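The values are calculated or read from the model by the stated rules, or taken from the named source; none is laboratory data. All values derive from a computational prediction rather than experimental measurement. Every residue, glycine among them, receives a Cβ derived from its backbone with ideal geometry; neighbour counts consider all protein chains shown. For the accessible areas, the whole protein counts, side chains as well, though only heavy atoms, and no ligand, DNA or RNA atoms are used. Shrake-Rupley method; radii C 1.70, N 1.55, O 1.52, S 1.80 Å.
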Amino acid sequence: MAKAMDETDPGSTRWVFGYGSLIWNPGFSFLSAQLGLLRGAHRSLSIISHHHRGTRDTPGLVFGLTRGGSCRGMVFEVCATAWAEARAYLDARELVTSVYRDVWRPVTLADGRHVRALTYVVDEAHEQFAGQLSVEQQLAMIRAGVGISGRNVDYVLNTARHLMQLGIRDKALMTLARQLEADAPEDKGQAA
C-alpha cells in the first residue's frame, strides 16, 4: 500500500491519531499526547482480525474508523527526528493486511489547536471489513479470538477501561465491555 502523503513541513513535528489500542499501547516515542476530536469517522468494532487478535480459523474483531460521525481519541506528537522510526513501526503494526488505509486527517486537539494527524481508517471494500454486526455476533467473535497480540477480550476491555479513564464515552463499547466483564470477573484487573 502506498504511504499517505505527509502534508507537514519536513522539519516540524508530526501527529498520530489513536482511537483503539494506540491509546493505551502506542509503541513509539512521542513528545506529547492529548485528547483530540476527529470528525467524519467513528470508532467501531468492524474489522475481522486474523493476526493480532484472532486467526483465520478463529477470527477476532478489532476497531476501525468507519465513515460518518466523529471520534474522540488520543493524539500523539512525534518529533521530526523520530518520525521515520515511528512511521515504520506504525505501518508494520497497522498495515499488516491492508485493511487500514493511512491518511492525513484534520483533528482538533483538547487545547484548541487544529493539526493534521496520520490516521488509520478502515478500507470498507476490504474482505476483512465486517460492517455492522449485531452485539451477539461481536461478542461471539471477541470471546473466541486470540492472536499474536493476545486475547481479543483483553483488547476490548483494555480499550474500554482507558476510554473511561480519559472521560471518553462510547456507549456501544461500554455495553460490550459490561457483558464481557460479566463473563469472567476475575479478568477485570488484567491488561494485554
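To keep it simple, each residue is scored yes or no on (1) out of contact with any Ser or Thr (no Cβ under 9 Å at 6 or more places or on another chain); (2) under 25 Å from ARG169 (Cβ atoms).
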site	(1), (2)
SER44	no, yes
HIS50	no, no
LEU90	yes, no
LEU95	yes, no
ASP102	no, no
PRO106	yes, yes
THR119	yes, yes
Residues within region 10-36 that are farther than 22 Å from ARG169 by Cβ and among the small types (Gly, Ala, Ser), tallied: 5
Condition check for ARG101: surrounded by fewer than 17 Cβ atoms within 10 Å (Cβ to Cβ) and basic (Lys, Arg): no
Flag for ARG178 being open to solvent by 30 Å² or more (accessible area, probe 1.4 Å), over 15 Å from the mean Cα position of the chain (by Cα) and without any contact (Cβ under 8 Å) to a residue 12 or more places away in the chain: yes
Count of region 52-81 residues which are surrounded by fewer than 16 Cβ atoms within 10 Å (Cβ to Cβ) and either in contact with a Leu (Cβ under 9 Å, 6 or more places away or on another chain) or on the phi > 0 side of the Ramachandran plot (or both): 4
